[in-house]
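Q: One structure coming up, written as structure tokens, with questions to follow.
The values are calculated or read from the model by the stated rules, or taken from the named source; none is laboratory data. Everything numeric here is computed off the predicted structure, so don't read it as measured data. Cβ placement follows ideal geometry from the backbone for every residue including glycine, while neighbour counts extend to all protein chains displayed. Just so you know, the surface numbers come from the protein's heavy atoms only, side chains and all, with ligands and any DNA or RNA stripped out. Shrake-Rupley method; radii C 1.70, N 1.55, O 1.52, S 1.80 Å.
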Amino acid sequence: MRVKTNDGPPPNVTCVPKLSVIVPFYNVQQYAPETLRSLRANTRDDFEFILVDDCSTDGTPGILARAERELPGAVLVRHEQNGGLATARNTGIDRARGEYLTFLDGDDWLAPGYYARLVDVIEELGCDFVRTDHVQCTARARTVHRVPHGRRGVVLNPRDAILPAHRSTSVDYAYAWAGVYHRRLLDRGLLHFTDGLRTAEDRPWIWKLHREAESFAVSGLLGVFYRRGVASSLTQIGDARQLDFIRAFDQVVAETAEDAEAATLLPKAVRTYCAIISHHLGSIERFEPPVARKLKAMSTAALRRMPQDALDEVLDSMDAERATRLRRLRRRPMPAAEVAA
């Protein structure tokens, strides 16, 4: 991925920033001004804001050019071709110099002073990463979404927050922007996303963090406002990019299978994968017909790739509707060339 960037440290930022905030933007001219205003309300002399324009084709580049001049600590990086959210975040990670890193999406926004409080939380706890609650915004509705982990403000082993398989846990709360991460995770190779993933990019990432980081905590700090239902979001678009969830969960299962505790952790990975497949099949009408056919074919192949003992265990424990749908798909005849079509 080729990028254009300015050399040298950003203005008004000390040599070693306390916090690097990575914010990808792609065709969000309607929302970017509010996002940038909220960043301005979170500036500090030792914070840097890495704004990544993922080759926007609307008015976003002009908005970001102005922000580079006016937002203290801003660094603007431009992709010369669109790479998707995971790749844009990686560009920001590679540029980040902070002791701590966090993320924001270009159509979301923050409460004033949120990042200063977030840094205070992780410094008080001294752990590798902290996950936070957030506010989901759908039209005018506001709903608080909590990290699905009961213990708050206590440093824990991240591996202990993966299970149980049958309940929602911290690995199911995969929002990268709902938290803050110590730079030592970057130094250990745990913060980069799988390059090129267009959806579900947070899933292999959060699993890797929980398997391999040494410590984490959950905080009830609220301050991120997540805009749900944006028309340009991939969650609202039924094209082939949605199918990247297959590649994302294949990675989760493959990497978990290599873990020393694979026998314990794999049922959770497989169950989540199956739940996502069932979800997409249950709303298959929103996909374009060729994509719907490919979804069925790729999902069939995915079920056959999964560890079959773990898959049998998962299907036996799921509700009848989902289990029946997945068993039927598993038995579905599939021509050899269908997945590649």
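Q: Can you find, among PRO61, ILE284, GLN242, the residue farthest towards the positive end of the dipole of the chain? Put +1 on the C-beta of Lys and Arg, -1 on that of Asp and Glu.
A: My answer, from the dipole projection, is ILE284.
Q: If you don't mind, another one. For the chain, what does the relative contact order come out to in percent, with C-alpha contacts under 8 Å and a separation of six or more?
A: It rounds to 16 percent for the chain.
Q: I would also like to ask the following. If Lys and Arg each add +1 and Asp and Glu each add -1, what is the summed charge of the other residues whose beta carbon sits under 10 Å from the beta carbon of GLU214?
A: Values: positive: ARG159, ARG184, ARG188; negative: ASP128, GLU212.
Local net charge: +1.
Q: Report the normalised scattering of the range 160-209 as log10 I(q)/I(0) at q = 0.24 Å⁻¹, calculated by the Debye formula with identical scatterers on the alpha carbons.
A: At q = 0.24 Å⁻¹ the computed log10 ratios are -1.00.
Q: On a 0 to 90 degree scale, rounded to 10, what angle separates helix 202-212 from the longest Cα axis of the chain?
A: 90
Q: Are there any GluC sites (Glu not before Pro) in the range 77-163 that are in a DSSP loop and have at most 11 other Cβ atoms within 10 Å? List them by number. Intermediate results must be reported in sequence, preceding the final value.
A: Working: sites: GLU80, GLU99, GLU123, GLU124; in loops: GLU80, GLU99.
Here the GluC sites (Glu not before Pro) that fit, given the DSSP loop and packing criteria, are GLU80.
Q: Relative to the longest principal Cα axis of the chain, at what angle does helix 244-257 sit, 0 to 90 degrees, rounded to 10?
A: Tilt relative to the chain: about 80 degrees.
Q: Using a cut-off of 13 Å between beta-carbons, work out the net charge of the residues near LEU190 (Lys and Arg +1, Asp and Glu -1, LEU190 not included). It would help to have the intermediate numbers written out before the result.
A: On the way: positive: ARG183, ARG184, ARG188, LYS208, ARG211; negative: ASP128, ASP187, GLU212, GLU214, GLU255.
Combined, the nearby Lys, Arg, Asp and Glu give 0.
Q: Would you kindly work out the equivalent ellipsoid of the chain from its C-alpha gyration tensor and give its semi-axes, the square roots of five times the eigenvalues, largest first in whole Å?
A: Calculated on Cα positions only, the semi-axes equal 35, 24, 17 Å.
Q: Given a 1.4 angstrom probe, what's the average accessible area per residue across the chain, in square angstrom?
A: Spelled out: the 1.4 Å probe surface of the chain, per residue, equals 43 Å².
Q: Ignoring ligands, DNA and RNA, what percent of the 1.4 Å accessible area of the chain is carbon and sulfur?
A: Details: 7290 of 14630 Å².
That fraction is 50 percent.
Q: Right, another one. What percent antiparallel are the DSSP beta bridges of the range 51-153, to the nearest 5?
A: Close to 60 percent.
Q: Out of ALA217, ALA176, ALA139, any idea which swings most in a Gaussian network model of the chain, alpha carbons joined below 10 Å?
A: ALA139
Q: While we're on this one: Please identify every one of the trypsin sites (Lys or Arg not before Pro) in the range 104-206 that sits in a loop by DSSP and has no more than 16 other beta carbons within 10 Å of its own beta carbon. Could you put the intermediate results ahead of the total?
A: Numbers: sites: ARG117, ARG131, ARG140, ARG142, ARG146, ARG151, ARG152, ARG159, ARG167, ARG183, ARG184, ARG188, ARG198; in loops: ARG140, ARG146, ARG151, ARG152, ARG167, ARG188, ARG198.
Passing sites in the range 104-206 are ARG140, ARG146, ARG151, ARG152, ARG167, ARG188.
Q: Please determine, in degrees from 0 to 90 and to the nearest 10, the orientation of helix 289-305 with respect to the longest principal axis defined by the Cα atoms of the chain, where the helix direction is its Cα long axis.
A: Roughly 70 degrees between the two axes.
Q: How high is the relative contact order of the range 183-326, given as a whole-number percent (alpha carbon pairs under 8 Å, six or more residues apart)? Walk me through the intermediate numbers first.
A: On the way: 106 pairs, mean separation 31.4, N = 144.
The value is 22 percent.
Q: Follow-up. Quick one: net charge of LEU36's neighbours, Cβ under 12 Å, K/R +1, D/E -1?
A: Numbers: positive: ARG37, ARG40, ARG66, ARG69; negative: GLU34, GLU68, GLU70, ASP107, ASP108.
It works out to a net charge of -1.
Q: Ignoring solvent entirely, what values of log10 I(q)/I(0) come out of the Debye formula for the range 27-140 at 0.13, 0.21 Å⁻¹ when each Cα is a single scatterer?
A: Values, matching the q order: -0.52, -1.34.
Q: Once you keep just the Cα pairs under 8 angstrom separated by 6 or more residues, what percentage relative contact order results for the range 78-180? Walk me through the intermediate numbers first.
A: Numbers: 72 pairs, mean separation 32.3, N = 103.
31 percent.
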